[in-house]
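Enquirer: This is the structure, below, for whatever I ask next.
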Amino acid sequence: MEDWLEPVYDAGAMRAVDSWAIEDQGVPSLELMEAAGGALARSVASRSPQGPVRVVCGKGNNGGDGFVAARRLAETGFDVEALLLAAPNELSGDAKINFDRFPDAREVDPGDLSTALEGSGAIVDAIFGTGFEGAPRSPIDAAIAAINAAGAPVVACDIASGVNASTGEAEGDAVKADATVSFHAAKIGHLVAPGKEHSGVLEVAPIGIPDGAPGDPAAGVIGARVLELAPGRGPASTKFSSGQVVIVGGSLGLTGAVCMAANAATRAGAGYATVAVPAELESIFEIKLTEVMSRGCPGDGAALVAGSVDCALEAAEGASAVVLGCGLGRRKESLAFAREVAGRVESPLLIDADGLNAHAGQLDSLRSRSAPTVLTPHAGELGRLLERSSEEIGERRLECAREAARVSGAVVLLKGDDTIVTDGERVAVNALSAPALATAGTGDTLSGTIGALLARGLDPFEAACAGAYAGARAGRIAAERVGLAESVVAGDVCEALPSALRVE
């Protein structure tokens, strides 16, 4: 795995790590459970619950962690109950040992859990662990609903029950935690929606697993070191060696999108940028873009159409990277233009906005491209590419992003608070939250940023990851400068890019 990614595990990889620690390194499984339960107890105690703590336990090892936490909390003076959603004779192994060690553990029918949780100061969710898949079945679904309705702070043990640790999917009811204590390392389900929305504050606790476990983590969290990948300018640098970005797009009423992408490209280090735009609108770009060149292409009604293709391709000749689609519009003729340009341009290509919509249901046509391709859809655009509803994309974000990458042969960056970057095999997640980016134009800024990073020589996976991280960082900086996330506009994010890209 790239050294600028922080390892993240899926269920299978975590099982392999646990097995290696126990079987190959001789770490007793009971010690791992004791350490996990202790970390869980410390997290609950740090929240100073006002009232009794109820630890809701399933019959597996996750429940065993919960029994340890209950015992450790009781030893430090907390009023604690451990509520087992199964018969004690269904427990085995370490979970049974720790059930027996805590005399105040008792069986509760899942249908009666609401009553048992009344007046709770805090609730610990220790029902399902990272091996859970599918939808919770009756009667456990009722227990999850009771936890969510109890009105008390909830701390999840390893992962919120009902969330798939390998994908972030929640096919049925899932606990809505205020905090989650993950053992050894974060899991994909903590970081990818909808699982991210169920995790609350994520705490990663070491539990005594030695370093050096074999195998590759399933994914990685993008770290600040990704910014070190882009080469800096030296005494011998020129505008040509710094990379040329060509932005192809624009239409009447949507000129701002191209301007945002072009400004971001220059701020992100491109030596120079050119916009290939409808000739009828070129004067607008000449006025708005002081540091950017323009190429007016013959169009039809202030939009790029089939007759604009040769001009756009001429503008892209020799470009280090091309950004296609910003402000293009959804006219039938403009979408056909985008498909032809995408198929013929020979430079690394980023496709966004209506460039993506042009390939709705035709994603596989991009596989024939000889140069690298990056796609930057939001959920709605990815849904159109895969001919799915945006709701389905939202429910299965990771798998849909991977599918789009496999079908297209491109690197896919699926935008969101949990931005996912994947080439179909490798997966990176941007965990740097930036609510300020929830405003029009920031997607165009991201496109220009990634375009510049491609032009500076990064490979598509690196460029997409670095752009996602820098964009989120710029959103946070912009919010701090402006004073309110809700007041940030895309221009503020663009102005913050130099600070966001700085290697510290």
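The values are calculated or read from the model by the stated rules, or taken from the named source; none is laboratory data. Worth saying up front: this structure is predicted, and the values here are computed from it rather than measured. Don't worry about glycine lacking a Cβ; one is built from the backbone with ideal geometry, like all the others, and counts go over all protein chains shown. Ligands, DNA and RNA are stripped out before the accessible areas are found, and what is left, the full protein with its side chains, is counted by its heavy atoms. Shrake-Rupley method; radii C 1.70, N 1.55, O 1.52, S 1.80 Å.
Enquirer: Excluding ligands, DNA and RNA, what is the solvent-accessible area per residue of segment 398-451 at a probe of 1.4 Å, expressed in Å²?
Expert: On a per-residue basis, segment 398-451 sits at 28 Å².
Enquirer: How many nm separate the modelled label positions at Arg339 and Glu171, each set 7 Å beyond the Cα in the direction of the Cβ?
Expert: My value for the distance between the label points is 3.6 nm.
Enquirer: If I compute solvent accessible area with a 1.4 Å probe over the protein chains, what percent of it on segment 1-82 is carbon and sulfur?
Expert: 46 percent
Enquirer: Further, regarding this structure: For segment 398-468, what class follows from the C-alpha gyration tensor (a ≥ b ≥ c being the square roots of its eigenvalues): rounded when a/c is under 1.5, otherwise prolate if a/b is larger than b/c, else oblate?
Expert: Since a/c reaches 1.5 but b/c is at least a/b, the shape of segment 398-468 is classed as oblate.
Enquirer: What's the carbon and sulfur percent of segment 239-291's accessible surface, probe 1.4 angstrom, rounded to a whole number?
Expert: Roughly 56 percent, rounded to a whole number.
Enquirer: May I pose another question? Could you give each residue of segment 176-191 its phi-based ³J(HN,Hα) in whole Hz, using Karplus coefficients 6.51, -1.76, 1.60 with θ = phi - 60°, and x for Gly or Pro?
Expert: Karplus values, whole Hz, x for Gly and Pro: 9, 8, 8, 8, 10, 9, 9, 9, 6, 7, 5, 10, 4, x, 6, 10.
Enquirer: Continuing with this model, one more query. As a quick test, which of the pairs Lys187/Lys332; Lys288/Lys332; Lys96/Lys187; Lys196/Lys288 have an alpha carbon distance above 32 angstrom in this structure?
Expert: Lys187/Lys332; Lys196/Lys288, as the Cα separations exceed 32 Å there.
Enquirer: Quick check on segment 360-504: of the DSSP beta bridges with both residues there, what percent are antiparallel, nearest 5%?
Expert: Counting only bridges with both partners in segment 360-504, antiparallel ones make up about 75 percent.
Enquirer: Do any cysteines of the chain lack a neighbour Cys whose Cβ is under 4.7 Å away, and which are they?
Expert: Cys57, Cys157, Cys259, Cys326, Cys400, Cys465, Cys494
Enquirer: How tilted is helix 332-344 with respect to the longest principal axis of the chain? Cα atoms for both, answer in degrees (0 to 90, nearest 10).
Expert: Roughly 90 degrees, rounded to the nearest 10.
Enquirer: Further, regarding this structure: On the accessible surface of segment 396-480, probed at 1.4 Å, how many percent belong to carbon and sulfur atoms?
Expert: Carbon and sulfur together cover 47 percent of it.
Enquirer: As a test of the formula, what do you get for the chain when each DSSP H run with n ≥ 4 contributes -39,500 (n - 2.57) and the sum is divided by the residue count, at 222 nm and rounded to the nearest 500 deg cm²/dmol?
Expert: -11500 deg cm²/dmol
Enquirer: Further, regarding this structure: Between Asp112 and Arg15, what is the label-point separation in nm under the 7 Å Cα-to-beta-carbon projection?
Expert: 3.4 nm
Enquirer: Decide, for segment 116-159, between rounded, prolate and oblate: order the square roots of the alpha carbon gyration tensor eigenvalues as a ≥ b ≥ c, take rounded if a/c falls under 1.5, and otherwise choose prolate if a/b is larger than b/c, else oblate.
Expert: oblate
Enquirer: As I understand it, the value is the acute angle between the Cα axis of helix 140-149 and the longest principal axis of the Cα atoms of the chain; what does it come to in degrees, rounded to 10?
Expert: 80 degrees
Enquirer: Using a 1.4 Å probe, what is the accessible area per residue for segment 180-229, in Å²?
Expert: Per-residue value: 38 Å².
Enquirer: How far, in degrees from 0 to 90, does helix 255-267 lean away from the longest principal axis of the Cα atoms of the chain, to the nearest 10?
Expert: Rounded to the nearest ten degrees, it is 80.
Enquirer: How much net charge surrounds Leu501 when only other residues with a Cβ under 10 Å from its Cβ are counted (Lys, Arg +1; Asp, Glu -1)?
Expert: Around Leu501, the surrounding residues sum to +3.
Enquirer: Roughly what % antiparallel, to the nearest 5, for the DSSP beta bridges in the chain?
Expert: Here the antiparallel bridges make up roughly 20 percent for the chain.
Enquirer: Count neighbours as other Cβ atoms within 10 Å of each site's Cβ, and list the GluC sites (Glu not before Pro) in segment 316-357 that are DSSP loop with at most 11 such neighbours.
Expert: Here the sparse-neighbourhood loop sites are Glu317.
Enquirer: A further question on this structure: Give a residue-ordered list of calculated ³J(HN,Hα) values for segment 25-36 (Karplus: 6.51 cos²θ - 1.76 cosθ + 1.60, θ = phi - 60°; whole Hz; x for Gly, Pro).
Expert: Once rounded to whole Hz, the list reads 9, x, 7, x, 4, 5, 5, 4, 5, 4, 5, 5.
Enquirer: For Val17, what is the net charge nearby, where nearby means another residue's Cβ is under 12 Å from its Cβ and Lys, Arg count +1, Asp, Glu -1?
Expert: Once all neighbours under 12 Å are counted, the net charge is -4.
Enquirer: What is the local net charge at Pro139, summed over the other residues whose Cβ is closer than 12 Å to its Cβ (Lys, Arg +1; Asp, Glu -1)?
Expert: Local charge sum for Pro139: -3.
Enquirer: With P(r) over Cα pairs in 20 Å bins from 0, in percent defined as stated, name the option among (i) 23, 59, 18, 0; (ii) 24, 55, 20, 1; (iii) 23, 45, 25, 7, 0 computed from the structure displayed.
Expert: Matching the structure shown: (iii).
Enquirer: Further question: By how many nm would the segment from Arg47 to Arg481 grow when fully extended, if each residue of separation counts as 0.36 nm and the alpha-carbon distance is taken off?
Expert: Gain on stretching Arg47 to Arg481: 153.1 nm.
Enquirer: Can you give me the distance in nm between label points at Ser390 and Lys288, each placed 7 Å from the Cα along the Cα-to-Cβ direction?
Expert: Output for this residue pair reads 2.3 nm.
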